[in-house]
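The values are calculated or read from the model by the stated rules, or taken from the named source; none is laboratory data. Not measured: the values here are computed from a predicted model. As a convention, Cβ positions derive from the backbone with ideal geometry for all residues, glycine included, and neighbour counts pool all protein chains shown. Side chains are part of the model used for accessible areas, which takes the heavy atoms of the whole protein and leaves out ligands, DNA and RNA. Shrake-Rupley method; radii C 1.70, N 1.55, O 1.52, S 1.80 Å.
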Amino acid sequence: MSAPGIPRPAPVDVAHHTHLTGVFAPQRAEVDVPDLEVIGEIPPELHGAYLRNGPNPRFDPIGNYVYPLDGDGMVHRIELDGGRARYTNRFVRTPMVVAEERAGHAIWGGVTDLYTPGVDEVGPELAGTGRDLPDINVVRHGGRLLAMAEAAPPYRLDPTDLATLGRDTCDGAMAVGSTAHPKLDPVTGELVLFTYLLDAPYLTWSVVAADGTVAREPTVVEGLREPLMIHDMALTERYVVLVLCPLVFDLAAALTGGALLDWRPDDGTRVALIPRAGGPVRWADCEAFWVWHFAGARDLPDGRVQVDYAQWAYPGGFADLDAPCLGGLVRATVDPDRGRVDRQILHDRDVEFPRIDDRTLARARGRIATIGKRGPRDGHMDSLWFFDPDAGTETSWDPGPLSVGEPIHLPGTGSDYWGMLGTDRETMASWFVILPADDPASGPVARVRMPIRVPAGLHGVWLPQM
Ligand SMILES: [Fe+2]
């Protein structure tokens, strides 16, 4: 967004911002360190790389800083090979980061700021632009390694040294943008994605074929009357599953000093089942709820669709770390014939970042791993939870002083594992922790010490044989 005559914003009060201090404080060093210190033993069968992207402003920000959208991207990589570990991290160098490095300070405001820099400050190509924010996720597909933004084209990275190569639309499949959470079908090799738009028609979906070419150009999802924020998606063999919660972009309000996003619970939440093979979208309705992240989904034999996700009563979760428990892990059954959604609460404590074994994506079965809160503890996510909804079991691991991040499934040749980053709230040392998937409550088989502090959040991926 831009509006003429908006003055340059004031610096953010970094020292008093929850998401710019403590375990969230930005990391400005870029390093490449082999032979990391390991407590325990890294399973030698784990051969590949764990990558994680996350908000990490290159300079102290100006204007507003809205976590988790604002910040610049920084990609962290932990390569595992023969029981040894190597760490590399790099900023995602958008043209905005490059211009700010030239200036030595922040030039652009945050995602909700109306200010944009002028031609005298950043030149004609960047004048009037907003900051690109490929800081949410990292995806490998069709020969590309991509740093993903919320609703814009991603940036391509060099897989050898993580250098930024520039914007990449995947031959046009992401021409109008992409969610940060596209879904890779492990059977077909397709990357399925959506993006929301602030202008009509508000929502499209598209598909990148396994070889990186376009399988479906951006295709309009009909039926939206206003722009909605939609962060994640689910995928089954038959459907793209989009959950449309009533979080509405209100540009008119924003331009007159109001909030950019308006929560309208009376509108309810709608689920769109978009046939992957084409054909009309099927809709189902539900009382209002908010979802940031999905675990998995699958088609049921009777035509219904089962979707597992971390539910919030309203979208306050990340903005306010001290928010009360709002929801939990939910299994929704979407019936397109009745047009209704039935929800079953699997776990009623705060959980987030649900992940599954990505090899079962679109046909989800097995365990769901999440982070969660045992107690208030300043709101930090202080525990890991593992659920098997089909078996009705749950277990957890207490990481002690570590604030932990999203768990990622690490498939081995014999056993499987879960890997996640955590930072000690007292010492600020960061660790990559490896838990056995068959008994995560027994604790780590290995803790790999990071050579620098890795800021908390957001999303990562395991890339075998990188
Ligand atoms: Fe996310």
Exercise. Taking the stretch 258-290 as the region of interest, how many residues are under 21 Å from ASP342 (Cβ atoms), at pLDDT below 95 and among the aliphatic types (A, V, I, L, M)?
Worked result: 1
Exercise. Can you tell which of GLY166, GLY212, GLY172 is away from the ligand (no atom under 16 Å from the Cβ), closer than 19 Å to ARG93 by Cβ, at pLDDT 95 or above and not aliphatic (A, V, I, L, M)?
Worked result: GLY166
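Every residue, every condition in (1) assigned to a loop (DSSP other than H, G, I, E, B); (2) within 16 Å of the ligand (Cβ to nearest atom); (3) open to solvent by 30 Å² or more (accessible area, probe 1.4 Å); (4) at pLDDT 95 or above, yes or no:
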position	(1), (2), (3), (4)
ARG349	yes, no, yes, no
ARG365	yes, no, yes, no
ASP378	no, no, yes, no
PHE386	no, no, no, yes
ALA391	yes, no, yes, no
GLU406	yes, yes, no, yes
GLY414	yes, no, yes, no
Exercise. What are the residues in the stretch 71-91 that are within 16 Å of the ligand (Cβ to nearest atom) and in a loop (DSSP other than H, G, I, E, B), if any?
Worked result: GLY71
Problem set entry | Selection from the stretch 95-113 of residues that are of a type in the set (A, V, I, L, M) and either touching a Lys or Arg at 6+ places or on another chain (Cβ under 8 Å) or open to solvent by 30 Å² or more (accessible area, probe 1.4 Å) (or both) | MET96, VAL97, VAL98, ALA103, ALA106, VAL111
Exercise. Among the residues of the stretch 52-63, is any farther than 30 Å from ILE6 by Cβ, acidic (Asp, Glu) and either open to solvent by 30 Å² or more (accessible area, probe 1.4 Å) or in a helix (DSSP H, G or I) (or both)?
Worked result: no
Seminar exercise, completed: Per the filter on the stretch 242-257, residues more than 16 Å from the ligand (Cβ to nearest atom) and either closer than 21 Å to ASP342 by Cα or touching a residue at least 12 places away in the same chain (Cβ under 8 Å) (or both) are LEU244, PRO246, VAL248, PHE249, ASP250, LEU251, ALA254, LEU255
Problem set entry | Positions within the stretch 276-306 being free of Cβ contacts under 8 Å to residues at least 60 places away in the same chain and acidic (Asp, Glu), in sequence order | ASP285, GLU287, ASP302
Exercise. Just a yes or no: is a residue in the stretch 405-417 free of Cβ contacts under 8 Å to residues at least 12 places away in the same chain and within 23 Å of GLY54 (Cα to Cα)?
Worked result: no
Exercise. Of these, PRO68, PRO26, which one is assigned to a loop (DSSP other than H, G, I, E, B), out of contact with any His (no Cβ under 8 Å at 6 or more places or on another chain) and surrounded by 14 or more Cβ atoms within 10 Å (Cβ to Cβ)?
Worked result: PRO26
For this session: Select, from LEU463, LEU458, the only residue that is outside any strand (DSSP E or B), within 23 Å of ASN137 (Cβ to Cβ) and of a type in the set (A, V, I, L, M).
Result: LEU458
Problem set entry | When residues of the stretch 257-307 are limited to those that are part of a loop (DSSP other than H, G, I, E, B) and touching a Pro at 6+ places or on another chain (Cβ under 6 Å), the one nearest to GLY460 (Cα to Cα) | ALA288
Seminar exercise, completed: Counting only strands (runs of 3 or more DSSP E) entirely within the stretch 145-232, those with at least 1 residues that are open to solvent by 60 Å² or more (accessible area, probe 1.4 Å) are 155-157, 164-167, 214-220
For this session: Could you list all residues from the stretch 331-347 that are open to solvent by less than 30 Å² (accessible area, probe 1.4 Å) and either at pLDDT below 95 or touching a helix residue (DSSP H, G or I) at 6+ places or on another chain (Cβ under 7 Å) (or both)?
Result: HIS347
Exercise. For the stretch 215-241, which residues satisfy the criterion of being in contact with a Ser or Thr (Cβ under 9 Å, 6 or more places away or on another chain) and within 16 Å of the ligand (Cβ to nearest atom)?
Worked result: ILE230, HIS231, ASP232, MET233
Exercise. Going by the conditions given, is LEU435 open to solvent by less than 10 Å² (accessible area, probe 1.4 Å), in a strand (DSSP E or B), modelled with pLDDT of 95 or more and not polar (S, T, N, Q)?
Worked result: yes
For this session: Report, ordered by the first and then the second residue, all pairs with beta carbons closer than 8 Å, sequence separation of six or more or different chains, a first member in the stretch 167-182 that is over 13 Å from VAL214 (Cα atoms), and a second member that is open to solvent by 20 Å² or more (accessible area, probe 1.4 Å) and more than 15 Å from the ligand (Cβ to nearest atom).
Result: ARG167/ASP132; ARG167/PRO153; ARG167/ARG156; VAL176/LEU197; VAL176/PRO218; GLY177/PRO153; GLY177/LEU197; SER178/PRO153
Exercise. Among the residues of the stretch 129-144 satisfying the criterion of being among the charged types (D, E, K, R) and either open to solvent by less than 10 Å² (accessible area, probe 1.4 Å) or farther than 24 Å from GLY110 by Cβ (or both), which is farthest from the ligand (Cβ to nearest atom)?
Worked result: ARG144
Exercise. So which residues in the stretch 292-302 are surrounded by fewer than 23 Cβ atoms within 10 Å (Cβ to Cβ) and within 13 Å of the ligand (Cβ to nearest atom), if there are any at all?
Worked result: TRP292, HIS293
